[in-house]
Ligand SMILES: C[S@@+](CC[C@H](N)C(=O)[O-])C[C@H]1O[C@@H](n2cnc3c(N)ncnc32)[C@H](O)[C@@H]1O
């Protein structure tokens, strides 16, 4: 996004945004100087961040496709971020043209860009905060597209390191899980400290200084607890590059762990 363009109403281009900084890390152009400077400082500390971001995108798209092939037709992408290609809806609609996808994010920039791109049937984008599941499920667009008697995939990718322990991410996962039909799946990925290179923890702490919100880097055992009450699919909660064993992705110093749980 060029600075000469008008900043859309409701967007604060003077404060770094996670959605816009992540877009920059992935090579997108929906970002402002403040995001590029912040993301640039983070990438100076962790040059392999783009590799991790792309591995996370690849992981979630392949899980969405796997779930679609198993018959799931509803996809709730929470903390979805600014649209990237390929998208979740293109991926699952290639399997089921009648699949329904709800993208939600707390950052208004996501709504602006998703709405601009959305011409697909059965796709909605809403502004919602993951910490308010009641508000999410009461949203008229969610109610119109989602049938809670049918299984769904809920995607929480790269989101929970932006949710503090006090905000109870495990309780939030349980809240979403309890509303879903059996056979639903929940995908979670987030930065992890103890599967990383020993020097990485200090880097993560340094990185969090650039964050627009407090960042919570967790132990793998803490992230595994988010899957309580779910059947964790093999290979379990592992580094995101290792979830699909047929992929050759470079190892990185920082680690994001990823897992998928099934509601039985
Ligand atoms: C690192 S990006 C991940 C984007 C996408 N899920 C992916 O993996 O490609 C994190 C996203 O979470 C969003 N986010 C942060 N806090 C949130 C909250 N409380 N509720 C909903 N979304 C949130 C940010 O705006 C950002 O778009």
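Bear in mind these aren't lab numbers, they're just calculated from the coordinates by the rules spelled out. All values reported here derive from a predicted model rather than from experimental measurement. Positions of Cβ are backbone-derived with ideal geometry, glycine not excepted, and every protein chain shown enters the neighbour counts.
Just to be sure I understand: with springs between alpha-carbon atoms less than 10 Å apart, which residue in 149, 98, 90 has the highest mean-square fluctuation in the Gaussian network model of the chain? It is 149. Rg/Rh, computed from the Cα trace of the stretch 1-147 with Rh as the Kirkwood radius, has the value 0.98. I want to verify a result. In a Gaussian network model of the chain, Cα cutoff 10 Å, which of these has the top mean-square fluctuation: 124, 39, 116? Between 124, 39, 116, it is 116 that shows the largest mean-square fluctuation. DSSP beta bridges fully contained in the chain are about 40 percent antiparallel. Scaling the Cα radius of gyration of the stretch 59-132 by the globular reference 2.2 N^0.38 Å produces a ratio of 1.04. Taking the average, over residues, of other Cβ atoms within 10 Å as the packing measure, peptides 11-20, 127-136 rank 11-20, 127-136 from highest down.
Tell me, in nm to one decimal, what length is gained between residue 245 and residue 127 on full extension, where the rule is 0.36 nm per residue of separation less the Cα-Cα distance?
Details: separation 118, 0.36 × 118 = 42.48 nm, distance 3.47 nm.
Difference between extended and current length: 39.0 nm.
Here the extension length gained between residue 62 and residue 41 equals 4.5 nm, from 0.36 nm per residue of separation less the Cα-Cα distance. Between residue 167 and residue 150, residue separation times 0.36 nm minus the direct Cα-Cα distance comes to 3.3 nm.
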